[in-house]
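One structure is given here, and the rest of the page talks about it.
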Amino acid sequence: MINVAVLGYGTVGSGVVEVIEHNKEQVNKKAGIELHVKYILDLRDFPDDPYGDRVVHDFNLILQDQDVKIVCETMGGVGAAYQFTRQALEAGKSVCTSNKELVAKHGPELLEIAKAHNCNYLFEASVGGGIPIIRPLNSALTAEKIEGITGILNGTTNYILTKMETEGADFDSVLKRAQEKGYAERNPEADVEGHDACRKIAILSSLMLGKTVDSEKLYTEGITKITSDDFVYAKAANCSVKLLAMSRNFEDGSTLAMVAPCMISKENPLAMVNGVFNAVLVTGNMLGDSMYYGKGAGKLPTASAVVADVIDCARHQGKVITCFWDQEEAKLADVSETERAFFVRAKAHSVKDLEAAFPGGRVLTVEGRTQDVGYFTPVMKEKDFFAKYEKLGDSVLGRIRLA
Ligand code: HSE
């Protein structure tokens, strides 16, 4: 039998206990040994919970218990979660986590500590919830030179954009409804401003490169400026608007990683990813494109990924599972020097100004609309686009990158 401790009995933590108990037979068979949740660490008590008798309030009890071999960190944050993870790994206990903030900030350091103490730090649930993407990058795709990764990595924003697209609703009203239904956090900033997706693409990019991509250095733009008018033009152009987390390697050895809302063709497989679903499109030099799709958040999908890591730890007791992610920082490309086309929405009288600023582009008009006009620029350097865009002043109403 292997004893497991769960740190944090919130949504994901309680899901981890539920998955281990509900799928007991399956989980134990796949682990090759019985898994037993011995402790649940939380500040609160849960007297009515079936596992309430396992709740403890002192982490040292878990740390000092030689029988606990695997710890699930489902607390979140980078304070106590970081300290507890370090201490557990230093004591030779493997840690499985869903905490993307901690993985993005301290991943390579914690991996090194795990390696030094002959245990594992696994984080499948930190990106894409229940979608297997960390494991494919670490094992099934290791023969590939990964050229790029593009993902819809945030369920909240994808839900909001999908509703704006299908119902013609504006951002504020959809966000309010999403909060009422519990799909969006009361403080939605990390999601709608793109920070959550940024941490996730930083993790995936680091695994792609084997070096550290610092999430705090990535260009990140959220969806708060996307309007229902933008979707009218996107539809006319047979496109959708998605919050994309993107990572692409260049010949000079640099990598462009960023998060921004993008207009994408309806033919793009990511255009079909709707609602709270996530997807990750990985382009390898031999395989070409492969896509990973599923529930990117939620109690049981996320918990399922944590428990899969627990099973892996149980199978690899005393062995370190290889993960290529060094502390050395990756060379990041400057987004302003990279090239792409943009969609610009402007006041109707501005066509001549748009054509003068971005010659060789294409006007997009929508029947019945007199107040504004759409324009697709040619592919150009981002810094050149923004220099000209700023000069158009009040004439322009918004811009979205094309991907
Ligand atoms: N807030 C995140 C999302 C949860 O909406 O995708 C999963 O990381």
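Among the residues making up region 193-208, a single one is in contact (Cβ under 8 Å) with a residue 40 or more places away in the chain and open to solvent by 50 Å² or more (accessible area, probe 1.4 Å): R199. Based on this model, can you work out whether A260 counts as of a type outside the set (D, E), over 22 Å from S126 (Cβ atoms) and open to solvent by less than 40 Å² (accessible area, probe 1.4 Å)? So A260 does not fit the description; no. Residue pairs whose Cβ atoms lie under 8 Å apart, sitting 6 or more positions apart in sequence or on different chains, and linking a residue in region 354-368 that is among the polar types (S, T, N, Q) to a partner that is open to solvent by less than 50 Å² (accessible area, probe 1.4 Å), are T365/V373; T365/G374.
Return yes when V71 is free of Cβ contacts under 8 Å to residues at least 60 places away in the same chain, surrounded by 15 or more Cβ atoms within 10 Å (Cβ to Cβ), under 18 Å from Y9 (Cβ atoms) and not basic (K, R) and no when it is not. It is false that V71 is free of Cβ contacts under 8 Å to residues at least 60 places away in the same chain, surrounded by 15 or more Cβ atoms within 10 Å (Cβ to Cβ), under 18 Å from Y9 (Cβ atoms) and not basic (K, R).
Condition check ((1) within 16 Å of the ligand (Cβ to nearest atom); (2) in the same structural domain as H106 (by TED's automatic domain parsing); (3) of a type outside the set (S, T, N, Q)) across all residues:
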{"position": "N285", "(1), (2), (3)": "no, no, no"}
{"position": "G288", "(1), (2), (3)": "no, no, yes"}
{"position": "S304", "(1), (2), (3)": "yes, yes, no"}
{"position": "V320", "(1), (2), (3)": "no, no, yes"}
{"position": "C323", "(1), (2), (3)": "no, no, yes"}
{"position": "E329", "(1), (2), (3)": "no, no, yes"}
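The residue that is most open to solvent (accessible area, probe 1.4 Å), among those in region 30-68 that are charged (D, E, K, R) and outside any loop (DSSP other than H, G, I, E, B), is D53.
Listed conditions (1) away from the ligand (no atom under 16 Å from the Cβ); (2) under 16 Å from the mean Cα position of the chain (by Cα) are all met by P269, apart from (2). In region 126-226, counting only helices (runs of 4 or more DSSP H) that sit wholly within it, the ones holding 1 or more residues that are over 19 Å from P269 (Cβ atoms) and under 17 Å from the mean Cα position of the chain (by Cα) span 155-167, 189-192, 195-209. Filtering V4, V17, V27 for residues that are surrounded by 15 or more Cβ atoms within 10 Å (Cβ to Cβ), more than 16 Å from the ligand (Cβ to nearest atom) and not in a helix (DSSP H, G or I) leaves a single hit, V4. Screening D48 with (1) free of Cβ contacts under 8 Å to residues at least 12 places away in the same chain; (2) within 28 Å of the chain's Cα centre (by Cα); (3) farther than 21 Å from E124 by Cα gives one miss only, at (2). Across region 165-185, which residue is surrounded by the fewest Cβ atoms within 10 Å (Cβ to Cβ) among those that are within 16 Å of the ligand (Cβ to nearest atom) and touching a residue at least 40 places away in the same chain (Cβ under 8 Å)? Among residues in region 165-185 that are within 16 Å of the ligand (Cβ to nearest atom) and touching a residue at least 40 places away in the same chain (Cβ under 8 Å), the one surrounded by the fewest Cβ atoms within 10 Å (Cβ to Cβ) is F171. Restricting attention to region 307-337, the residues that are under 28 Å from K217 (Cα atoms) and either among the aliphatic types (A, V, I, L, M) or crowded, with 20+ Cβ neighbours inside 10 Å (or both) total 6. In this entry, A236 passes the filter for residues that are in contact with a Leu (Cβ under 9 Å, 6 or more places away or on another chain) and not assigned by TED's automatic domain parsing to the domain that holds V373. Suppose we keep only residues that are open to solvent by less than 60 Å² (accessible area, probe 1.4 Å) and of a type in the set (S, T, N, Q) within region 281-303. Which one would you say is nearest to the chain's Cα centre (by Cα)? Per the criteria, the residue is T302. Condition test on A190, is it within 11 Å of the ligand (Cβ to nearest atom) and without any contact (Cβ under 8 Å) to a residue 12 or more places away in the chain? Considered against the rule, which asks whether it is within 11 Å of the ligand (Cβ to nearest atom) and without any contact (Cβ under 8 Å) to a residue 12 or more places away in the chain, A190 comes out as yes. Per the listing G182, G168, G194, the residue uniquely of a type in the set (G, A, S) and in contact with a Gly (Cβ under 7 Å, 6 or more places away or on another chain) is G194. Does region 368-389 contain any residue that is within 29 Å of E267 (Cβ to Cβ) and either assigned by TED's automatic domain parsing to the domain that holds A202 or in contact with a Cys (Cβ under 9 Å, 6 or more places away or on another chain) (or both)? No, region 368-389 contains no residue that is within 29 Å of E267 (Cβ to Cβ) and either assigned by TED's automatic domain parsing to the domain that holds A202 or in contact with a Cys (Cβ under 9 Å, 6 or more places away or on another chain) (or both).
The values are calculated or read from the model by the stated rules, or taken from the named source; none is laboratory data. Given the structure is predicted, the values throughout are model-derived calculations rather than measurements. All Cβ positions, even for glycine, are placed from backbone atoms using ideal geometry, and neighbour counts span all protein chains on display. These accessible areas exclude ligands, DNA and RNA; they are computed on the full protein's heavy atoms, side chains included. Shrake-Rupley method; radii C 1.70, N 1.55, O 1.52, S 1.80 Å.
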